[in-house]
Amino acid sequence: VLLVVLVLLIIIAVVLGVTLTGRQSAGLKTDFLNRCQNFKGYDCENIWKTFKQVFVNRDPCNVSEEAYDPLIAAVPFKRLCNQTMLWSKTNKAVHELTTGRDCLQTIEDTVLGSSLNNLSWCGMKGSEETFTTGCPEWNECVNNSVRSFWRRASAAFAEAACGDVSVMLNGSISTPFNPTSVFASIEVPRLNSTKVKSLNIVLVTNSVSNCSNASLQSLKTKLDQRIVYTCKEVTESQITDCSAKPDCGRCW
Ligand code: AVW
């Protein structure tokens, strides 16, 4: 009986060990560095260290937006005039338009955004490791390592906007401008009329919502009143056609 118990204990220890090490991630660093190195002129090893320091050895639900300040300071968003493309609920369409060309840039096209896009990361109290699985879901806790990053980075990205700014919103839902979105709650309040001339809505629509949508009227009122507001309805196929053209300015 003792022998059976001993064997069982060993099996449990091995399984636990494997699951725990399985959660640790060397892949995060590799992914981060590979993506970062696609951009010229950045010290990616150093950026990685600054990034990692924000969340390792911390409860994954206890990482504030401000904790990312040193990272944003190390890799500031360049002032982007007439090229900023914000978005909400149009992840696929907007990146179809911006990937691979310079005329419009989303946060995911910048070095920081690109290096972390679609990744999940967190730390654990008492450990120096980084993890990519078992991390909190977006809405699981307010101050989670991933959500805090995107909120902090989006604030800085909106502050770097200048000139004519675009935003791609989703016209196939009834509330294209949702007050709880990052675009509404973080980015719009940071568009500053001393730098930003206009906000140009590109509403991707299949006729559920159009530019007279109530939520868009509320966007107009939330915007700094000296910023010019425009709204244009476009179809998915216009976006596909536009992605093939080198000059974003000649699309619609
Ligand atoms: P979004 P936002 N679970 O399409 O305006 C997991 O709503 O908020 O647009 N991930 C989530 C969740 C969730 N419940 N909610 C949001 N996300 C993540 C930065 C997820 O990665 C750019 F500059 C999703 O793809 C845009 O102007 C992303 O947040 C603006 O913020 C967008 O959610 C888009 O944010």
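The values are calculated or read from the model by the stated rules, or taken from the named source; none is laboratory data. Note that the coordinates shown come from a computational prediction; the quantities given were computed from them, not determined experimentally. Please note that ligands, DNA and RNA were not included when accessible areas were found on the heavy atoms of the full protein model with its side chains. Shrake-Rupley method; radii C 1.70, N 1.55, O 1.52, S 1.80 Å.
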Approximate shape of the chain as ellipsoid semi-axes (Cα gyration tensor, √5λ), whole Å, largest first: 40, 20, 18
CD proxy at 222 nm, helix term only [per DSSP H run n ≥ 4: -39500 (n - 2.57); per residue of the chain; nearest 500]: -11500 deg cm²/dmol
Amide H within-cut-off set for residue 86, under 5 Å, with H built and near neighbours excluded: 166, 167, 168
Accessible area in square angstrom per residue, the chain, 1.4 angstrom probe: 52 Å²
Segment residue 194-residue 34, extension gain: residue separation times 0.36 nm, minus the distance between their alpha carbons: 53.9 nm
Percent carbon-and-sulfur accessible area, region 174-252, ignoring ligands, DNA and RNA, probe 1.4 Å: 50 percent
Span-like helix ranges in the chain, DSSP H, alpha carbon extent 15 angstrom or more, Kyte mean at least 1.6: 2-23
Spatially proximal lysines relative to residue 197 (Cα-Cα < 26 Å; intrachain offsets below 8 disregarded): 78, 89, 220, 222, 232, 245
